[in-house]
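Here is the structure we will look at.
The values are calculated or read from the model by the stated rules, or taken from the named source; none is laboratory data. These figures come from a predicted structure and were not determined experimentally. Every residue, glycine as well, gets a Cβ built from its backbone with ideal geometry; the counts of neighbours run over all protein chains shown. When the accessible area is computed, the model is the full protein with side chains, heavy atoms only, and any ligands, DNA or RNA have been set aside. Shrake-Rupley method; radii C 1.70, N 1.55, O 1.52, S 1.80 Å.
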Amino acid sequence: MSNNVVTTTQEKNITEEVLARVQDLNKKGELVIPKGYSAENALKSAYLILSETVDKDKKPVLQTCSKASIANALLDMVIQGLSPAKKQCYFVAYGGKLQLMRSYMGTVAVTKRLKGVKDVKAYCIYEGDEFETEYNVDTAVLKITKFNPKFENIDIKKIKGAFAVIVGENGPIHTEIMSMAQIRNSWNQGYAKGKSGAHTNFTEEMAKKTVINRACKMFANTSDDSDILIGAFNNSDKADFEEKDKDMVNDVEYEVKEEIKEKANSKPIGFTNETVKDVAYEEIPKADVEQQQTIMEGPGF
Amino acid sequence: MKLKVLGSGSKGNCYLLYSPKETLIIECGLPYKAILKGLNFNLNKVVGCLVSHEHKDHSKAIQDLIKNGIDVYTSKGTAMACEVTGYRVKLLESEKATKIGSFIVLPFKTQHDAAEPLGFLIYHREIGSLLFITDSYYCQYKFQDLNHILIECNYSDEILKENLDQGLIPRSLKNRLLKSHFSLGNVKEFLKVTDMKTVQNIMLIHLSDGNSNEAIFKEEIERLTGKPTYVADKGLEIEVSLGTF
């Protein structure tokens, strides 16, 4: 019981610490939180999920994982703009360390957020569908030149393969094609070996998921960080800015010095005897003074 | 007569010049309640309030003062920027003296990024002349026969440079400071050319939170002028009557 209480407060501290760190980095411009992403919400839901997550020995991860690894996993989540509530990521404990695993949905979300990416689409190719590809030697781009799906061909037992296309402003940017054999090999790597209910009953969805995952992984993991972590980009930009700013300071400094040299402490000003005399004789009427002094008897200044 | 500091610095400025008979408020950059408390809830000796410029740390309570029947003396530009009107607002013009109770106030232009900022030379027969300059990166005037000096001493170039190098303050802020506030170096220059014969004491006001050092500022000004120097801290009260050494 008392253990739980301690965990709760400690966990709150971790999410709050991470949030403070994220806000600090964000303010300094060292970290850019993706647009439309609320780090606060994600951290709060991560906190709820983490408090119910257990490791392989069924012990709460908040007790068994190091504080640093929890903080890092949370930071990793925020940097990538992932939401645990939308199952874009989940937390797994490995040997006393918490790790963030990006889900298929998370990978798609990250990809869609990249600059120039509009959408990610995937289709299954069934037996009988017309499907042709072309490779452009000059641009090293694999392109689908013909895809003619027919409704009557749809049959989960007759899937030949699947492809995914990452679509940008001006059409496809990246195409990934996998045969069903390749897809099944990939499923074999997994925990269910491609034999889960989902794989058997919704083969087409699982196939699309696999090919999307591969397309996005290739694309997202090899993209530059200009969208997520703008570190390098920002640093070079900042150096340029500071340089310009420095000159500006020097200009202002020079300007101010010159202005002071020219104008400071030069124009005589003061009271003429006339004005002072005039006022020196202005007395507050005596009765008034006495009255006021009586009032003063209270707490003085 | 006494001078009491209710607040000094960017968190709010307000000073009271008072005798048993009269009180002159200089600046009202604190919540009205704080000013009222500083006055011991006694408004009937207040002859008026001088406001140097519209920035909130100098003018926060201006509306409340007017509402409570206190005359406010300020420039036209400041009154417009503060959006105050009515017969309680008395407009001051640079280099034109005005009587406020038995104080005579001679306002003069200051150099600050505000609409029409003023400094004040205040004369009262009990204290002689008291100079009040705040929020001005230099002063174009030359004064004589001063008895008391209240002058802004916002930052020192050295501390500012250190803070800049450590990234504690952005460079853009430095530009603002340079063109709006009095540095220790410029205060010293000002004091060097000012006739200090009759000056009894100096009070340094409006020190920056991060770019100043009370002890060093006080020591440097004292060493330069040989006059008792105070740093305006909230609650500080000093005697400003003539001839009290």
Answer yes or no: is there a residue in region A:145-160 that is of a type in the set (S, T, N, Q) and within 26 Å of the chain's Cα centre (by Cα).
no
For B:Leu168, the lone unmet condition from (1) open to solvent by 10 Å² or more (accessible area, probe 1.4 Å); (2) more than 10 Å from chain A (Cβ to nearest Cβ); (3) under 20 Å from A:Ala264 (Cα atoms) is (3)
Which numbered condition B:Asn175 fails, given (1) free of Cβ contacts under 8 Å to residues at least 24 places away in the same chain; (2) closer than 25 Å to A:Glu258 by Cα; (3) in contact with a Leu (Cβ under 9 Å, 6 or more places away or on another chain)
(3)
Which condition number in (1) part of a loop (DSSP other than H, G, I, E, B); (2) open to solvent by 50 Å² or more (accessible area, probe 1.4 Å); (3) touching a strand residue (DSSP E or B) at 6+ places or on another chain (Cβ under 8 Å) is the one that B:Lys90 fails?
(1)
Can you tell me which condition B:Leu150 does not meet? The list is (1) within 28 Å of B:Ala34 (Cα to Cα); (2) assigned to a loop (DSSP other than H, G, I, E, B), and all the others hold.
(2)
From the list B:Gly9, B:Gly86, B:Gly38, which one is small (Gly, Ala, Ser), within 14 Å of chain A (Cβ to nearest Cβ) and either on the phi > 0 side of the Ramachandran plot or over 13 Å from the mean Cα position of the chain (by Cα) (or both)?
B:Gly38
Just give me the residues in region A:23-40 being in a helix (DSSP H, G or I) and more than 17 Å from A:Val110 (Cβ to Cβ), in sequence order.
A:Gln23, A:Asp24, A:Leu25, A:Asn26, A:Lys27, A:Lys28, A:Glu40
Please go through region B:94-129 and pick out each residue that is facing chain A (nearest Cβ under 7 Å) and of a type outside the set (A, V, I, L, M).
B:Glu95, B:Lys99, B:Ser102, B:Phe108, B:Tyr123, B:Arg125, B:Ser129
Looking at region A:22-31, can you tell me whether even one residue there is in the same structural domain as A:Ser83 (by the TED database), modelled with pLDDT of 80 or more and surrounded by fewer than 19 Cβ atoms within 10 Å (Cβ to Cβ)?
yes
Tally of residues being assigned to a loop (DSSP other than H, G, I, E, B) and crowded, with 21+ Cβ neighbours inside 10 Å across region B:18-35
5
Is there a residue being in a loop (DSSP other than H, G, I, E, B), aliphatic (A, V, I, L, M), modelled with pLDDT under 90 and farther than 22 Å from A:Lys217 by Cα anywhere in region A:138-146?
no
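One line per residue, one yes/no per condition, for (1) surrounded by fewer than 23 Cβ atoms within 10 Å (Cβ to Cβ); (2) in contact with a Leu (Cβ under 9 Å, 6 or more places away or on another chain); (3) farther than 21 Å from B:Gln140 by Cα:
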| site | (1), (2), (3) |
| --- | --- |
| B:Lys37 | yes, yes, yes |
| B:Leu50 | no, yes, no |
| B:Lys56 | yes, no, yes |
| B:Val84 | yes, no, yes |
| B:Lys99 | yes, no, yes |
Any residue at all in region B:193-200 that is open to solvent by 50 Å² or more (accessible area, probe 1.4 Å), under 21 Å from B:Leu24 (Cα atoms) and either in contact with an Asp or Glu (Cβ under 6 Å, 6 or more places away or on another chain) or within 14 Å of chain A (Cβ to nearest Cβ) (or both)?
no
